[in-house]
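A short write-up of the structure that comes next.
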Amino acid sequence: DSGVTQTPKHLITATGQRVTLRCSPRSGDLSVYWYQQSLDQGLQFLIQYYNGEERAKGNILERFSAQQFPDLHSELNLSSLELGDSALYFCASSLQGDGNIQYFGAGTRLSVL
Amino acid sequence: AQSVTQLDSQVPVFEEAPVELRCNYSSSVSVYLFWYVQYPNQGLQLLLKYLSGSTLVKGINGFEAEFNKSQTSFHLRKPSVHISDTAEYFCAVSESWGAQKLVFGQGTRLTINP
């Protein structure tokens, strides 16, 4: 158990809908990262938050947004969903200054039908 | 920007045989290197990391990797594999300063045959 909790484990929805994925980092970790894993793109970095502030952005679509709350949990919001958004979404957390060792949650599998 | 190339998409090996999974990276700055393992229907688990110091790093489950700066490689090895090592293995790199995102290779599927 990595200590990173992601909910829900599975999500099935329709095109055009909006969903929210939730992540609770390991106790004490201030950084949260979101990654997308798909068959064609592999594992891609989406966005990083550090102590509530956006720190870095990757190839995140404009339809996607994220935030980190004062209790350090994070949410990834995906809107106007398309078939191609079907993927496994991972959250990871790390402790600043710890060599950036990232610990991953079990992921949320999103299926857009 | 960094990039990672895992040279083999699939590696079949017999049980108790040695295995090497190859990883090359590209970066203009100093990096940290990682290997993660993903078992079927599970998340990513950290196998080992290179941050600094000794170029030979040991990880969990009997795996080790060697950082070779001149060849920009970080190959993963295990002297004797078990059926339970069947999984997808990912090599990843991040900058040691600045942006901390992980850049992953495409993964190597290790299949252990009895």
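Assorted remarks:
- Those lysines that a straight Cα-Cα span of less than 24 Å connects to residue B:69, excepting residues fewer than 8 apart in one chain: B:49, B:58, B:78, B:101
- Charge dipole of region B:1-101 (Cα centre as origin; +1 on each Lys and Arg Cβ, -1 on each Asp and Glu Cβ, all else neutral): 340 debye, rounded to the nearest 20.
- Each residue of region B:49-57 was assigned a 3J(HN,Hα) from its phi angle through the Karplus curve 6.51 cos²θ - 1.76 cosθ + 1.60 (θ = phi - 60°); the sequence is 8, 10, 10, 5, x, 4, 7, 9, 10 Hz, with glycine and proline shown as x.
- For the peptides B:6-17, A:36-47, the ranking by mean Cβ contacts within 10 Å, running from highest to lowest, is A:36-47, B:6-17.
- Its Cα gyration tensor gives the protein assembly as shown an equivalent ellipsoid. The semi-axes, each the square root of 5 times an eigenvalue, are 29, 21, 16 Å from largest down.
- Cα centroids of region A:1-48 and region B:1-64: 22 Å apart.
- ³J(HN,Hα), Karplus 6.51/-1.76/1.60, whole Hz, each residue of region A:69-84, x for Gly, Pro: 8, x, 7, 6, 6, 10, 10, 10, 9, 10, 10, 6, 4, 10, 4, x
- Local electrostatic count at residue A:7 - Lys and Arg +1, Asp and Glu -1, tallied over other residues with Cβ under 11 Å: +1
- Approximate shape of chain B as ellipsoid semi-axes (Cα gyration tensor, √5λ), whole Å, largest first: 24, 14, 12
- Positive contributions from Lys and Arg (+1) and negative ones from Asp and Glu (-1), summed over other residues with Cβ under 15 Å from the Cβ of residue A:81, come out at 0.
- Peptide B:36-45 - average C-beta neighbours from other chains (10 Å radius): 5
- Calculated Rg and Dmax of region A:52-112 using C-alpha coordinates, Å: 13.0, 38
- Within the shell defined by Cβ-Cβ distances under 13 Å, the residues around residue B:74 carry a net charge of +1, with Lys and Arg each +1 and Asp and Glu each -1.
- Overall form of chain A per C-alpha gyration tensor (a/c, 1.5; a/b vs b/c): prolate
- Only Lys, Arg (+1) and Asp, Glu (-1) charged, at Cβ; the protein assembly as shown dipole about Cα centre in debye: 100
- Placing +1 on each Lys and Arg Cβ and -1 on each Asp and Glu Cβ, with no other charges, gives chain A a dipole about its Cα centre of roughly 180 debye.
- Placing a label point 7 Å from the Cα of residue A:15 along the Cα-to-Cβ direction, the residues of region A:56-98 whose backbone N falls under 13 Å from that point are A:80-86.
Every read-out reported here was derived from the displayed coordinates using simple, explicitly stated rules and does not represent laboratory data. This is a predicted model, so every value here is computed, not measured. Backbone-built Cβ (ideal geometry, glycine too); neighbour counts: all protein chains shown.
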